[in-house]
Amino acid sequence: MKMKIRKGDRVRVMRGAEEDKDKVGEVIRVLPKENRVVVQGVNIVKKHQKQTQSGGKTIPAGIREFEAPIHASNVAVVDREAEKEVKDARKVSKAKTESAKKPAARKPAEKKAESKPAARKPVAKAAESKAKPAESEKKAAKGN
């Protein structure tokens, strides 16, 4: 499914934990396969990390805090200036571009109407081309 929310969008959290409701933040990461987004400052979780060593690097032990993903249906895109919900913000911008394209979309329909008589002409040419081989055969017969 195509995601309507992109990285960098400002969103408002509509559902979730009480401390996260109505928070506004920027989308850090989008996970389209899981239909989830990571919002800056929202859904902060703590993870206890063991000390690990790999490739000569040692990662220290401790408690890590990071933003966990939340479902995309629980957020709504927000207008940056007004900080209000923008329902179908991208659909509105697409509608404006499509309205500019509508006259262009009508022209091909008119061309199709004009092309119908042109389609009849080759049929007439085909009938004439059938008559011409018969004449060429007569000439060939006279030559023999």
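Every number here is computed from the coordinates shown, using simple stated rules; none is lab data. What you are looking at is a predicted structure, and each value in this text was computed from that prediction instead of being measured. Here the Cβ positions follow ideal geometry from the backbone for every residue, glycine too, while neighbour counts run over all protein chains shown.
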| task | Could you give the C-alpha radius of gyration of the stretch 1-87 expressed as a fraction of 2.2 N^0.38 Å, taking N as the number of residues it contains? | result | 1.31
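In the structure displayed, which of K7/K47; K23/K47; K2/K23; K23/K57; K23/K46; K21/K46 lie more than 27 Å apart, Cα to Cα?
Among K7/K47; K23/K47; K2/K23; K23/K57; K23/K46; K21/K46, the Cα-Cα distance tops 27 Å for K23/K57.
Based on the mean of other beta carbon atoms within 10 Å per residue, what is the order of 29-36, 7-14, most packed first?
Details: 29-36: 12.9, 7-14: 16.9.
Highest mean packing first, the order is 7-14, 29-36.
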| field | Full-stretch length increase - K7, I44 - with 0.36 nm per residue and alpha-carbon distance subtracted | value | 11.5 nm
| task | Give me the number: length gained by fully extending E34 to E18, i.e. 0.36 nm times residue separation minus the C-alpha to C-alpha distance, one decimal in nm. | result | 3.4 nm
| Once you charge only the Cβ atoms, +1 for Lys and Arg and -1 for Asp and Glu, what is the size of the charge dipole of the stretch 1-87 about its Cα centre, to the nearest 20 debye? | 460
